[in-house]
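*Asks:* Please see the structure below; I have some questions.
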Amino acid sequence: MTVTIVGSQLGDEGKGALVDLWGGGADVVARYQGGDNAGHTVVEDGDEYKLSLVPSGAVRDKIGVLGNGCVINLKTLFSEIDDLRERGLTPDVRVARRAHVIMPYHRVLDGIEEDAKSDSDLEAGTTGRGIGPTYEDKVGRRGVRVGDLLDPSVLRDRLEYVVPQKRALAENIFGVDTSEAFDVESLFSEYRQLGKRLTEEDMTVNAGEFLNEHLNHDSTILFEGAQGTSIDIDHGIYPYVTSSNPTAGGAATGTGISPTVIGQGEVVGIIKAYLSRVGTGPLPTELTGTDEALADHIREKGGEFGTVTGRPRRIGWLDIPMLRHATRSNGFTGLVINHIDVLAGLDEVCVGHSYDLNGEEQFTIPATTERWAECEPNLRSFDPWDSVAWSDVATEGYEAIPANAQQYLEYLTNELDTPIYAIGVGPDRAETIELVNPFDIDA
Ligand code: GDP
Ligand code: IMO
Ligand code: MG
């Protein structure tokens, strides 16, 4: 049995909180894409954990796997593991030998390319973690994989081929001076050491084999998506996207578990009750101009500052065409609606129900971002709900949710024709109202 958790919007929908909640019922929690561009927050009895690579199941003592579809900055990974150990946890993290390694030159090149694009409005506002350049090298068949770090001669061969190319790119194309991030010898000695630590801690696995073994022994797997559908490299708002597939298909290619197995399980879409966005690009329902004060209020109340970079997030009303697109491309079997507490106490709550594009009503996102930028949202207004004692509501259950918020939830489940499995009314594990636990659903 598998449950796949997918971001429905632009990332930061509260995936970590749900992975933590349902991770209690899983044996293994596996990431299938992305790297330390992710920032997933887990709050347990007021203790907050911000995780960028260690799967969020670590807080529940589950085996965490970083699948072959991930890109891995080993320095981030080890420092996160060390920090968690200092806080008294014992994270058990396994890393796919097929996963690609983010090298220091990838991070430098990420920054260089964003700078180069900044004059032309093409910059994605990346997290600067080297994600795009690492996936480029994977697809270009010149990447360094985790398994390569375990074999000195393979590692040396890989570096001797790729590093001079990267140095030439930085120096000759972008005119930037390079440092030891582009030096074969220093990279070799540093990454051999990291490889040795992986071996000493017995952390590397053949992910597909490891995970399938678990399934054969009736274990349950929770797949933890990072980012979100609208920043998917294929299904998102290209080029303002990340470089991987957060959508549900990525769980198969990014772990080695067959799509037929994943399709027999549950695929749950995580939705924030409004929009927030750390990167660049159009955003039809964004609250700007005369609505700026409202955006400031929601940003402060929702703590909408990037987990990874601390950047203030842009704020908008919920975008229903975006959610129709996400529901279709992921095949959601259930939904989670988070942050309804943040919308409490407003004068009115709106959603972008559809778009107007050159006089025609559109119900889903156009395939090109230029057309998306031309879309004007047709807003639908909902009666507001008051702030209440949300932790009491969480204890009492759905019926205790203010009636107007219930109407908002019912509109969503009807529009997306998908049942709601849980509702987030605060960041803590205890502040999620669970209606259905996907692990309790028989395939
Ligand atoms: P992720 O990247 O999807 O895991 O989400 P982040 O952790 O980056 O951002 C979500 C933020 O909202 C975190 O600070 C969570 O603790 C918090 N959060 C999650 N669910 C809720 C909710 O229902 N209400 C409120 N107020 N905060 C929530
Ligand atoms: P989680 O898992 C929100 C955004 C960046 C940028 C674009 C490309 O916490 O939801 P990248 O560094 O990936 O090349 O940046 O994607 N982005 C995210 N936005 N949440 C995330 O992760 C994100 N990961 C990347 O802001 O616009
Ligand atoms: Mg996040």
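The values are calculated or read from the model by the stated rules, or taken from the named source; none is laboratory data. Because the structure is predicted, anything quoted here is derived from the model rather than measured. Virtual Cβ from ideal backbone geometry, glycine too; neighbours counted across all protein chains shown. SASA here: full protein model, heavy atoms, side chains in, ligands and nucleic acids out. Shrake-Rupley method; radii C 1.70, N 1.55, O 1.52, S 1.80 Å.
*Asks:* Considering only DSSP beta bridges with both partners in the chain, what is the antiparallel share in %, to the nearest 5?
*Replies:* 40 percent
*Asks:* Quick check: the angle from helix 403-416's long axis to the longest principal axis of the chain, C-alpha only, nearest 10 degrees?
*Replies:* 60 degrees
*Asks:* Once each part is reduced to its C-alpha centroid, what is the distance from the range 11-54 to the range 253-307 in angstrom?
*Replies:* 15 Å
*Asks:* Below 8 Å, C-alpha to C-alpha, sequence gap of six or more: please give me the relative contact order for the chain in percent.
*Replies:* Dividing the mean separation by the residue count of the chain yields 20 percent.
*Asks:* Please return the longest stretch of the chain lacking exposed loop sites, where trypsin sites (Lys or Arg not before Pro) count only if DSSP places them in a loop and at most 14 other Cβ atoms lie within 10 Å.
*Replies:* 143-443
*Asks:* Once you've got the GNM for the chain with C-alpha springs shorter than 10 Å, pick whichever of Asp291, Asp383, Asp234 has the biggest mean-square fluctuation.
*Replies:* Top of the fluctuation ranking is Asp291.
*Asks:* Continuing with this model, one more query. If I fit a long axis through the Cα atoms of helix 292-302 and take the longest principal axis of the Cα atoms of the chain, what angle between them do I get, 0 to 90°, rounded to 10?
*Replies:* Tilt relative to the chain: about 70 degrees.
*Asks:* Here's a follow-up. Mean separation of Cα pairs under 8 Å and 6+ residues apart, divided by the residue count of the range 1-89: what relative contact order is that in percent?
*Replies:* 28 percent
*Asks:* So if each residue of separation counts as 0.36 nm, and I subtract the Cα-Cα distance between Leu379 and Thr76, what length gain in nm does that give?
*Replies:* Fully extending the segment from Leu379 to Thr76 adds 104.9 nm.
*Asks:* Residue farthest toward the positive end of the dipole of the range 326-443, with Cβ of Lys/Arg at +1 and Asp/Glu at -1: which of Phe363, Val351, Tyr411?
*Replies:* Phe363
*Asks:* OK, next. Whole-Hz ³J(HN,Hα) for each residue in the range 340-350, computed from phi via Karplus 6.51 cos²θ - 1.76 cosθ + 1.60 with θ = phi - 60°, x for glycine and proline: what do you get?
*Replies:* Once rounded to whole Hz, the list reads 5, 5, 5, 7, 5, x, 7, 6, 7, 10, 10.
*Asks:* Please state the shape class of the range 80-162: rounded when a/c is under 1.5, otherwise prolate if a/b exceeds b/c and oblate if not, all from the C-alpha gyration tensor.
*Replies:* oblate
*Asks:* Classify the range 197-236 as rounded, prolate or oblate, taking a ≥ b ≥ c as the square roots of the eigenvalues of its Cα gyration tensor: rounded when a/c is under 1.5, otherwise prolate if a/b is larger than b/c and oblate if not. It would help to have the intermediate numbers written out before the result.
*Replies:* Working: a/c = 3.14, a/b = 1.55, b/c = 2.02.
It comes out oblate by the Cα gyration axes.
*Asks:* Simple spin-label model, 7 Å along Cα-to-Cβ: Phe174 to Thr413 in nm?
*Replies:* That separation, rounded to one decimal, is 4.9 nm.
*Asks:* Oh, and also: Tell me the net charge near Glu185. Cut-off is 12 Å between Cβ atoms, Glu185 excluded, with +1 for each Lys or Arg and -1 for each Asp or Glu.
*Replies:* On the way: positive: Arg156, Arg192; negative: Glu160, Glu180, Asp183, Glu190.
Local charge sum for Glu185: -2.
*Asks:* Let me ask something else about it. Along the Cα-to-Cβ line of Gln165, 7 Å from the Cα, sits a label point; which residues in the range 93-112 have backbone N less than 13 Å from it?
*Replies:* Output list for this probe position: empty.
*Asks:* Please turn the phi angles of the range 176-183 into ³J(HN,Hα) values with the Karplus equation 6.51 cos²θ - 1.76 cosθ + 1.60 (θ = phi - 60°), one per residue in order, whole Hz, x for glycine and proline.
*Replies:* 10, 5, 9, 10, 5, 4, 10, 10
*Asks:* While we're looking at this one, here's another question. Could you tell me the calculated FRET efficiency between Asn216 and Asp45, based on Cβ-Cβ distance and R0 = 30 angstrom, to the nearest 0.05?
*Replies:* Efficiency, rounded to the nearest 0.05: 0.25.
*Asks:* Could you tell me the extents of the chain's C-alpha atoms along the three principal axes, largest first, rounded to whole Å?
*Replies:* Rounded to whole Å, the extents work out to 65, 53, 39 Å.
*Asks:* Here's a follow-up. Counting Lys and Arg as +1 and Asp and Glu as -1, each charge on the Cβ, what is the dipole of the range 1-87 about the Cα centre in debye, to the nearest 20?
*Replies:* Values: 8 positive and 14 negative charges, 69 e Å.
Rounded to the nearest 20 debye, it is 340 debye.
*Asks:* Hey, any idea what % of the chain's accessible area is carbon plus sulfur with a 1.4 Å probe? Working shown, then result.
*Replies:* On the way: 7880 of 17710 Å².
Here it works out to 44 percent.
*Asks:* When the helix-only estimate is applied to the chain (DSSP H runs of n ≥ 4, each -39,500 (n - 2.57), divided by the residue count), what is the mean residue ellipticity at 222 nm, nearest 500 deg cm²/dmol?
*Replies:* -10000 deg cm²/dmol
*Asks:* Find the accessible area per residue for the range 127-284; the probe is 1.4 Å, ligands and nucleic acids are left out, and the unit is Å².
*Replies:* That works out to 42 Å² per residue.
*Asks:* Now for a different question. Note down the nm distance, to one decimal, between modelled labels 7 Å out along Cα→Cβ at Lys117 and at Leu294.
*Replies:* Using points 7 Å along Cα→Cβ, the separation is 3.0 nm.
*Asks:* Can you tell me, using C-alpha contacts under 8 Å and at least 6 residues apart, the relative contact order of the range 309-443 as a whole percent?
*Replies:* So the answer I get is 28 percent.
*Asks:* Full extension from Glu190 to Ala400: what is 0.36 nm times the residue separation minus their Cα-Cα distance, to one decimal in nm? Provide the component values of the computation, followed by the final result.
*Replies:* On the way: separation 210, 0.36 × 210 = 75.60 nm, distance 5.56 nm.
Gain in length upon complete extension: 70.0 nm.
*Asks:* Take the alpha carbon gyration tensor of the range 130-263, find the square roots of its eigenvalues, order them as a ≥ b ≥ c, and report rounded if a/c is under 1.5; if not, report prolate when a/b exceeds b/c, else oblate.
*Replies:* Judged from the Cα gyration tensor, the range 130-263 comes out oblate (a/c at least 1.5, b/c at or above a/b).
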